[in-house]
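> Here it is: the structure, laid out below.
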Amino acid sequence: MAEVDQELLASVFEERAEYLSKTELSAWTIITARDREIIAKLTGPGAKLLIGPRGCGKSTLLRHSYFQINEKKKDLAVYVNYSRSLALEPMFHKTANALQLFRQWVLVKIAVGVGNTILEEGLELPPTLVPIYQKGRDFIRELEAGLQVQLSGDYLTPSTLLSLLESWAARLDRKRLILLLDDAAHAFSPEQQREFFEVFRELRSRIVSAKAAVYPGITSYSPYFHVGHEAEVVQAWYKPEDEDYLYTMREIADRRLPNRHKRALRGREDLVDYVALACFGIPRGFLVMLSQLLGIEEGEPSATPTRLSAERAVSDHADSVKNVFTSLASKLSRYSRFVEVGNELALAMTQSLQAFNVNKGIARKAVTVAFPVPIGPEVNRMLQMLEYAGIVRDAGSVSRGEKGVFNRYILHYGFVITGNALSLGKSFSLVDVVAALTQRNAHAFVRVQAKNLLGLDYANRCTLDLAPCENCGAPRPSEDALFCMRCGQPLKTASVYDELIKAPIDRLPLTKNKIQGLKKYTGIRTVNDVLLDEDYTQIRSVPSVGPIWSARIRRYAEEFVSV
């Protein structure tokens, strides 16, 4: 019975919106005034780029838009998820027509998504969609499984798909067809990113419009795709400094928590506010910390929430966010040295805030660091990568007259808290932390220079880590080089996906008990072992892991090797 309760609680704390039903999404999420403005843009005309780091709510907004559009039956919304794009990355190292196959995958996923939506609406597939839908599902499955796939003579092009989309909308008597493309950044393959945005740019007309969810910082657009001109940028990231932020997070907790857990937190609202601020506007992080605070993650749902458990949850969350950044050394191996120095930069930013906040009153604390403009290319690249991970948030530029123009970056509140950057002294309460973060002067910031934070030689340490020629060992002149300058042999690059699936399960965001259970009761040791356990036979053999938790463990593995 206890295992059943644990499984039900695990479903309540499902963090990813794409796995929630319409009923669950409506019951467990709250739509703020700001969310309604975003959804209005996603359901309206024109191309949009929904930008934000992992877990900030992009999928939630897209799914709400999807259900809202189709419920009115005036337009047709199609939800397509491209999270499996990295599984196609190995073919770029061994298949001559990889780019053509990738483009076909992008287009066929949309056509199949149209078919799925039509069937979900209880309608009949248009005759011209039936063969594409039937063959397309097999094509997608085989390509994502790494099988050899041949392009047929009747492959799609953006222009032919656009024409088909318009005809399908007309046949269904829908005025517009709106494409909601989730996990569309293909963040770790520049070739995929550029190709995707070329397709995205062409899928627009008076009837068809596309909206894509992408990541900040490291998304590369095609040479002909101009952000702001080709598509409007829409920020999805909740701002902890917004007036209704804590109310929103409290409502999320209220909707997700069973009554007995609400009772456990009664009178301890400071704990909820503390972890809500520490998640830095990332609802997924908030839910994970909340479940840890209540003992749900470790199978102790009767645990009493305490300050100690809240601080441990925040510390674990900060480590998890840092791991997202550190993982870039594997996913973007050429930038591994940037990741190394970037970790130093994040620590130095924390320390500069700590020094600034000493002897400052509660309402005068700062959480923002500002760099003078122009920012050098090495520091700019590190800040973009830190923004992708959610460690910093670009707060825009500000002029200080003769002192110059500064670009401001807000540090993740979890790092601010765990790094003692608020300098609150030895004996402070959680209420003090909440007050310092909510009552702070929004215009206060610390002016810094990269050379003071990282040393005069930081630029020399921020070099691309390029693999030498396998044939003669000569250094690779640039990341775009195709042939060795010394021996003339083709230069090869390792597959990011192939390397990631070899990673140990310790790198998945699972609790120590879950990791130890998998190692003790199963032969699962790598991420690929999890992916190969398709029927969950091994995962389910772990005590206290039922169908919901086994599915979640697999999703964590899939996300690890996704965009």
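> Between Val208 and residues 5 or more places away or on another chain, which pairs have amide H atoms under 5 Å apart, with H built 1.01 Å from N, and which residues are they?
Leu177
> Could you give the distance between the Cα centres of the stretch 342-384 and the stretch 147-206, to the whole Å?
Value for the Cα centre distance between the two parts: 41 Å.
> Beta carbons within 10 angstrom, averaged per residue: use that to sort the peptides 102-108, 234-240, 114-120, highest first. Write out the running numbers ahead of the final one.
Details: 102-108: 22.6, 234-240: 19.7, 114-120: 18.0.
Put in order of decreasing packing, that is 102-108, 234-240, 114-120.
> Can you compute log10 of I(q)/I(0) for the stretch 35-98 with the Debye formula, treating each Cα as one identical point scatterer, at q = 0.20, 0.25 Å⁻¹?
-0.83, -1.09
> Okay, next question. Apply the Karplus parameterisation 6.51 cos²θ - 1.76 cosθ + 1.60, with θ equal to phi minus 60°, to every residue of the stretch 207-222 and state each ³J(HN,Hα) to the nearest whole Hz, in sequence, with x for glycine and proline.
Taking θ as phi minus 60°, the curve returns 9, 9, 9, 10, 10, 10, 8, 9, 9, x, x, 9, 6, 9, 9, 5 Hz for the stretch 207-222.
> Once the Cα atoms of the stretch 167-251 are picked out, what are the Rg and Dmax in Å?
16.4, 47
> Explain nothing, just compute: Karplus ³J(HN,Hα) = 6.51 cos²θ - 1.76 cosθ + 1.60, θ = phi - 60°, for every residue of the stretch 392-397 in order, whole Hz, x for Gly and Pro.
Residue by residue, the stretch 392-397 yields 10, 10, 5, 9, x, 9 Hz.
> Another question, then. Long-range amide H contacts for Arg447: which residues qualify at under 5 Å (H placed 1.01 Å from N, peptide plane, sequence gap of 5 or more or a different chain)?
Close amide H contacts, sequence-distant or interchain: Ala370.
> Could you compute the net charge surrounding Ala450? Neighbours are other residues with a C-beta less than 13 Å from the C-beta of Ala450; K and R count +1, D and E count -1.
Spelling it out: positives minus negatives among the neighbours equals +1.
> Measure up Lys322/Lys360; Lys41/Lys135; Lys331/Lys492; Lys94/Lys331; Lys73/Lys211; Lys109/Lys211 against 23 Å on the Cα-Cα distance and list the ones that go over.
Long pairs (Cα-Cα over 23 Å): Lys322/Lys360; Lys41/Lys135.
> Given points 7 Å out from each Cα along the Cα-Cβ axis, report the Phe483 to Ile30 separation in nanometres with one decimal.
6.3 nm
> Rounded to the nearest 0.05, what FRET efficiency is calculated for Thr537 and Asn513 with R0 set to 25 Å and r the Cβ-Cβ distance?
That pair, Thr537 with Asn513, gives E of 0.75.
> Cβ under 12 Å from Val339's Cβ, Val339 left aside: what net charge do those residues give with Lys, Arg +1 and Asp, Glu -1?
Counting the neighbours of Val339, the net charge comes to +3.
> Under 19 Å from a label point 7 Å along Cα→Cβ of Glu344: give me every residue in the stretch 441-479 with its amide N that close.
Zone members listed by number: 448-466.
> Among the trypsin sites (Lys or Arg not before Pro) within the stretch 215-267, which fall in a DSSP loop and have no more than 14 other Cβ atoms within 10 Å of their own Cβ?
Arg266
> Give me the percent of DSSP beta bridges within the chain that run antiparallel, rounded to the nearest 5.
About 40 percent, rounded to the nearest 5.
> Rounded, prolate or oblate: which fits the stretch 132-172 when a ≥ b ≥ c are the square roots of the eigenvalues of the alpha-carbon gyration tensor, with rounded for a/c under 1.5 and prolate only if a/b beats b/c?
Prolate, since a/c reaches 1.5 and a/b exceeds b/c.
> I'd like the carbon and sulfur percentage of the solvent accessible area for the stretch 100-164, probe radius 1.4 Å, heavy atoms only, ligands and nucleic acids excluded. Please report the intermediate quantities before stating the final value.
Numbers: 1670 of 3220 Å².
Carbon and sulfur together cover 52 percent of it.
> Still on this model: Please sort 482-490, 35-43, 417-425 by packing, taking for each peptide the average over its residues of neighbouring beta carbons within 10 angstrom, highest first.
Details: 482-490: 12.2, 35-43: 16.8, 417-425: 18.9.
The most tightly packed comes first, giving 417-425, 35-43, 482-490.
> Another question, then. Points 7 angstrom from Cα along the Cβ direction at Thr23 and Lys451: gap in nanometres?
It works out to 6.5 nm between the two label points.
> List the residues of the stretch 239-266 whose backbone N lies under 11 Å from a point placed 7 Å from the Cα of Ile375 along the Cα-to-Cβ direction.
none
> In percent, how large is the relative contact order of the stretch 126-257, given Cα pairs closer than 8 Å and 6 or more residues apart?
Relative contact order here is 20 percent.
> Just how large is the dipole of the stretch 205-280 about the Cα centre, in debye to the nearest 20, putting +1 at every Lys and Arg Cβ and -1 at every Asp and Glu Cβ?
On the way: 11 positive and 11 negative charges, 118 e Å.
Charge dipole, the stretch 205-280, about its Cα centre: 560 debye, nearest 20.
> May I pose another question? Could you work out the local net charge near Ala145, counting Lys and Arg as +1, Asp and Glu as -1, over the other residues with Cβ closer than 12 Å to its Cβ?
Net local charge, Ala145 excluded: -2.
> Please work out whether the chain counts as rounded, prolate or oblate from its C-alpha gyration tensor, where a ≥ b ≥ c are the square roots of the eigenvalues and a/c under 1.5 means rounded, while otherwise a/b larger than b/c means prolate and anything else oblate?
rounded
> From the phi of every residue in the stretch 137-154, what ³J(HN,Hα) in whole Hz does the Karplus formula 6.51 cos²θ - 1.76 cosθ + 1.60 yield, where θ is phi - 60° and glycine or proline is x?
4, 5, 4, 5, 4, 5, 5, 6, 8, x, 7, 6, 10, 9, 6, 7, x, 9
> Would you calculate a helix-derived [θ] at 222 nm for the chain, using -39,500 (n - 2.57) for each DSSP H run of n ≥ 4 and dividing by the full residue count, to the nearest 500?
Details: 24 runs with 266 residues, N = 563.
Mean residue ellipticity at 222 nm (helix-derived): -14500 deg cm²/dmol.
> Please get the size of the charge dipole for the stretch 359-402, origin at its Cα centre, with Cβ charges of +1 on Lys and Arg and -1 on Asp and Glu, quoted in debye to the nearest 20.
In debye, rounded to 20, the stretch 359-402 gives about 300.
> For the stretch 400-459 and the stretch 246-323, what is the centre-to-centre distance using only Cα atoms, to the nearest Å?
24 Å
> Roll a 1.4 Å probe over the protein heavy atoms and report the accessible area of His226 in Å², nearest 10.
We get 100 Å² for His226.
> Suppose every K and R has +1 on its Cβ and every D and E has -1 on its Cβ; what is the size of the dipole of the chain about the Cα centre, in Debye to the nearest 20?
About 960 debye.
> Mean separation of Cα pairs under 8 Å and 6+ residues apart, divided by the residue count of the chain: what relative contact order is that in percent?
17 percent
> At 1.4 Å probe radius, can you tell me the per residue accessible area of the chain in Å²?
44 Å²
> Sequence gap at least 6, Cα distance under 8 Å: using those rules, report the relative contact order of the stretch 186-302 to the nearest whole percent.
Result for the stretch 186-302 is 19 percent.
> Another question, if that's okay. With the dipole of the chain worked out from charges on the C-beta (+1 for Lys and Arg, -1 for Asp and Glu) around the Cα centre, which of Gly267, Phe225, Leu61 lies farthest toward the positive end?
Result: Gly267.
> Taking amide H atoms as placed 1.01 Å from N in the peptide plane, list the residues 5 or more away in sequence, or in a different chain, whose amide H sits under 5 Å from that of Thr526.
Under 5 Å from the amide H of Thr526 lie the amide H atoms of Ile505, each far enough along the sequence or on another chain.
The values are calculated or read from the model by the stated rules, or taken from the named source; none is laboratory data. Quick caveat: nothing in here was measured; it's all calculated off a predicted structure. Cβ atoms come from the backbone with ideal geometry, glycine included; neighbour counts cover every protein chain shown. These area figures cover heavy atoms from the full protein model, side chains too; ligands, DNA and RNA do not enter into them. Shrake-Rupley method; radii C 1.70, N 1.55, O 1.52, S 1.80 Å.
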